[in-house]
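Engineer: I have a structure here, written as structure tokens, and I will follow up with some questions on it.
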Amino acid sequence: MSLLADLAPNKGATHKKKRVGRGDGSNWGGTAGRGHKGQLARSGGKVKRGFEGGQTPLHRRLPKFGFKNTQFKNNYVIINLQQLNGFEGEVSPETLIAKGFLKKTEKLKVLANGNLEKSLTVKAHKFSESAKAEIEKAGGKAEII
């Protein structure tokens with residue numbers, strides 16, 4: 001059993017910090033690895049991401065096309081038959097929201113991963129064909145909302 005005081009990082013996992021600008025004997029003296037003059041040699045001389053020196057940046061040169069209708073996108077949460085074994089009687093989005101499986105804005109799709117060992121009434125927005133068959137084989141009902 002190891003003690004908290006004995007913990008140490010793995011060998012080679014840590015390195016000494018490079019101390020720049022500490023004189024010529026350190027190999028990082030003089031310009032401190034920044035080269036001579038120029039914007040990047042100055043303090044505060046950073047360029048923002050995507051800046052190309054005044055040239056029109058790539059993200060503005062390329063054509064824009066397409067449309068993503070994210071406002072009305074249907075987000076489906078997948079539930080497998082194996083997970084339904086923990087429920088009794090009827091399984092609907094309301095019961096799954098109460099248990100924390102999905103949010104109010106999400107829709108439910110049932111897939112046939114695993115085995116269903118109970119007779120359940122499952123209400124969902126979508127079912128895979130094999131999931132529907134498995135639910136009915138177990139003596140339950142698959143209802144599309």
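The values are calculated or read from the model by the stated rules, or taken from the named source; none is laboratory data. These numbers come from a predicted model, not from an experiment. Methodologically, a virtual Cβ is constructed for each residue, glycine included, from the backbone with ideal geometry; neighbour enumeration extends over all protein chains shown.
Engineer: Only residues that are surrounded by fewer than 16 Cβ atoms within 10 Å (Cβ to Cβ) and in contact with a Phe, Trp or Tyr (Cβ under 8 Å, 6 or more places away or on another chain): list them for the stretch 78-98, please.
Structural biologist: Hit for the stretch 78-98 is Thr95, nothing else.
Engineer: Something else now. Determine whether Lys64 is outside any helix (DSSP H, G or I), touching a His at 6+ places or on another chain (Cβ under 7 Å) and not polar (S, T, N, Q).
Structural biologist: Against the criterion (outside any helix (DSSP H, G or I), touching a His at 6+ places or on another chain (Cβ under 7 Å) and not polar (S, T, N, Q)), Lys64 does not qualify.
Engineer: Still on this structure, I have one more. Exactly one of (1) surrounded by 15 or more Cβ atoms within 10 Å (Cβ to Cβ); (2) over 30 Å from Arg19 (Cα atoms); (3) at pLDDT 90 or above; (4) more than 27 Å from the chain's Cα centre (by Cα) is unmet by Leu116. Its number?
Structural biologist: Failing condition for Leu116: (3).
Engineer: Could you figure out which of (1) at pLDDT below 90; (2) of a type outside the set (Ser, Thr, Tyr); (3) not in a loop (DSSP other than H, G, I, E, B) isn't true of Lys73?
Structural biologist: Result: Lys73 passes all but (3).
Engineer: What are the residues in the stretch 65-74 that are polar (S, T, N, Q) and surrounded by fewer than 10 Cβ atoms within 10 Å (Cβ to Cβ), if any?
Structural biologist: Those that are polar (S, T, N, Q) and surrounded by fewer than 10 Cβ atoms within 10 Å (Cβ to Cβ): Asn69, Thr70, Gln71.
Engineer: Hey, another quick one. Of all the residues that make up the stretch 100-140, how many are within 14 Å of Asn85 (Cα to Cα) and either in a helix (DSSP H, G or I) or among the hydroxyl-bearing types (Ser, Thr, Tyr) (or both)?
Structural biologist: 5
Engineer: Moving on to the next point. Of everything in the stretch 109-124, what is touching a Phe, Trp or Tyr at 6+ places or on another chain (Cβ under 7 Å) and of a type outside the set (D, E, K, R)? Give them in sequence order.
Structural biologist: Listed by number, the residues that qualify are Val110, Leu120.
Engineer: Looking only at the stretch 13-64, filter to residues that are at positive phi and not small (Gly, Ala, Ser); which one of those is surrounded by the fewest Cβ atoms within 10 Å (Cβ to Cβ)?
Structural biologist: Of everything passing the filter in the stretch 13-64, Lys37 is surrounded by the fewest Cβ atoms within 10 Å (Cβ to Cβ).
Engineer: Would you say Gly33 is part of a loop (DSSP other than H, G, I, E, B), within 26 Å of Gly140 (Cα to Cα) and among the small types (Gly, Ala, Ser)?
Structural biologist: no
Engineer: Conditions first: (1) under 30 Å from Arg34 (Cβ atoms); (2) assigned to a loop (DSSP other than H, G, I, E, B); (3) not charged (D, E, K, R). His59 passes all but one, so which condition is the exception?
Structural biologist: The single condition His59 does not satisfy is (2).
Engineer: Within the set of pairs 6+ apart or on separate chains, which have a first residue in the stretch 85-110 that is within 15 Å of Lys73 (Cβ to Cβ), a second that is part of a loop (DSSP other than H, G, I, E, B) and at pLDDT 90 or above, and C-beta atoms under 6 Å apart?
Structural biologist: Pairs found: Lys107/His125.
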